[in-house]
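Okay, structure first, notes after.
The values are calculated or read from the model by the stated rules, or taken from the named source; none is laboratory data. Remember, it's a predicted structure, so these values are computed and weren't measured experimentally. For neighbour counting, all protein chains shown are included, and Cβ atoms are generated from backbone atoms with ideal geometry for every residue, glycine included.
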Amino acid sequence: MSAVLEVTDLGRSFGGIAAVDGVSFEVQQAEIVGIIGPNGSGKSTLFNLLTSVHKPDRGQVRLFGQDITRTPSHKIARAGLSRTFQLPALFVNMTVRQNLWTAAVEGDWRGAPELANEVLELLDLAHVSDELAGSLSGGQQRLLEMGRVLMQQPRVVLLDEVAAGVHPRLRQTILGAIRELRSRDATFLIIEHDLELTQDICDRMIVMDAGKIVAEGSFEEITHDPHVMEAYLGVPAE
Ligand SMILES: Nc1ncnc2c1ncn2[C@@H]1O[C@H](COP(=O)(O)OP(=O)(O)OP(=O)(O)O)[C@@H](O)[C@H]1O
Ligand SMILES: [Mg+2]
């Protein structure tokens, strides 16, 4: 089995703060990997480095064996890696369907309407497809943000707290979509504060604290790790 994503000694500081500090890990095809950690531990910055929103100070990112460390974001998307942002950035004055069309990868407009229909079904948004994005509930807006990512037909998907504050029913829709896409060999990296949700869907967990990976393993393993109990769950290590 070869890794779809290989991250080696990735680092980035802002001012004096090492937001991501020497992070290395691999993700295999069709894996669902959860990333947890306290606020400010560097999770979103890690995604920003993987997608060239920020340039790393050091380290390397390889996607399907190719070095993408300093590749522009849109080329990374074209190479098969797409992500959601922690704060959805939708076109609030366009309809749900139009939001999906505009997210199609550059040069692939012809297939967009049909693909949009598939995404609308997958995310249970077909009944609101002609409504303005700005009129949707917060949870539906998160689904639409995810839908815009799926319009790029990514092989590796990074989700940054996509289920935060989302109604339980819509969460199930998100989880169903992730499972369906994984069955088609998509790979997921999921930042999530809700441990129950990660336990539900993730094959493996990565725990970050202060820019570093402090634990890695199955949900059972990491929730019994003393460092994790202390750093993340607030339980002092014995
Ligand atoms: N563009 C930036 N400029 C300055 N500092 C930044 C920037 N981006 C992130 N940081 C800092 O880097 C650290 C890590 O932030 P990051 O957003 O990656 O954390 P996070 O784990 O995603 O937190 P949360 O769970 O709250 O979303 C924080 O100290 C943050 O203030
Ligand atoms: Mg974040």
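A few comments on the model shown:
- Only residues that are modelled with pLDDT under 90 and either touching a Lys or Arg at 6+ places or on another chain (Cβ under 8 Å) or under 17 Å from Glu6 (Cα atoms) (or both) were counted across region 167-196, and they come to 0.
- Complete set of residues in region 160-186 that are touching a helix residue (DSSP H, G or I) at 6+ places or on another chain (Cβ under 9 Å), within 16 Å of Gly138 (Cβ to Cβ) and in a helix (DSSP H, G or I): Arg169, Leu170, Arg171, Thr173, Ile174
- Considering region 110-150, the residues that are in contact with a Phe, Trp or Tyr (Cβ under 8 Å, 6 or more places away or on another chain) and more than 16 Å from ligand 1 (Cβ to nearest atom) include one that is nearest to Met94 (Cα to Cα), namely Ala133.
- Some residue of region 122-141 being modelled with pLDDT of 90 or more, closer than 24 Å to Val23 by Cβ and either over 18 Å from the mean Cα position of the chain (by Cα) or not aromatic (Phe, Trp, Tyr) (or both): no
- Selection from region 53-78 of residues that are of a type in the set (Gly, Ala, Ser) and more than 16 Å from the chain's Cα centre (by Cα): Gly59, Gly65
- The set of residues from region 3-24 being over 16 Å from Lys55 (Cβ atoms) and crowded, with 20+ Cβ neighbours inside 10 Å comprises Val4, Leu5.
- Residue in region 1-24 that is farthest from ligand 1 (Cβ to nearest atom), counting only those that are in contact with a strand residue (DSSP E or B) (Cβ under 7 Å, 6 or more places away or on another chain) and of a type in the set (Ser, Thr, Tyr): Thr8
- Taken residue by residue, region 212-235 has no member that is within 16 Å of the chain's Cα centre (by Cα), outside any loop (DSSP other than H, G, I, E, B) and in contact (Cβ under 8 Å) with a residue 40 or more places away in the chain.
- Set side by side, the residues His193, His167 differ, and just one is in contact with a Gly (Cβ under 7 Å, 6 or more places away or on another chain) and either without any contact (Cβ under 8 Å) to a residue 40 or more places away in the chain or over 23 Å from Gln29 (Cβ atoms) (or both), which is His167.
- Count of region 79-128 residues which are surrounded by 17 or more Cβ atoms within 10 Å (Cβ to Cβ), within 13 Å of Arg142 (Cα to Cα) and among the polar types (S, T, N, Q): 2
- Segments classed as helices (runs of 4 or more DSSP H), wholly inside region 55-159, with at least 1 members that are touching a Lys or Arg at 6+ places or on another chain (Cβ under 9 Å) and under 30 Å from Arg12 (Cβ atoms): 73-78, 138-150
- Within region 184-209, the only residue that satisfies the criterion of being within 13 Å of ligand 1 (Cβ to nearest atom), surrounded by fewer than 19 Cβ atoms within 10 Å (Cβ to Cβ) and either more than 13 Å from the chain's Cα centre (by Cα) or on the phi > 0 side of the Ramachandran plot (or both) is Asp194.
- Pick from region 25-76, criterion within 16 Å of ligand 1 (Cβ to nearest atom) and among the aromatic types (Phe, Trp, Tyr), ranking: surrounded by the most Cβ atoms within 10 Å (Cβ to Cβ): Phe47
- All of Val61, Val53, Val105, Val92 fail the test of being touching a Gly at 6+ places or on another chain (Cβ under 7 Å) and aliphatic (A, V, I, L, M), apart from Val92.
- Residue, nearest to ligand 2 (Cβ to nearest atom), within region 1-39, restricted to residues that are at pLDDT 95 or above and assigned to a loop (DSSP other than H, G, I, E, B): Glu31
- Selection within region 52-87 - within 12 Å of Val7 (Cβ to Cβ), in contact (Cβ under 8 Å) with a residue 24 or more places away in the chain and among the polar types (S, T, N, Q): Gln60
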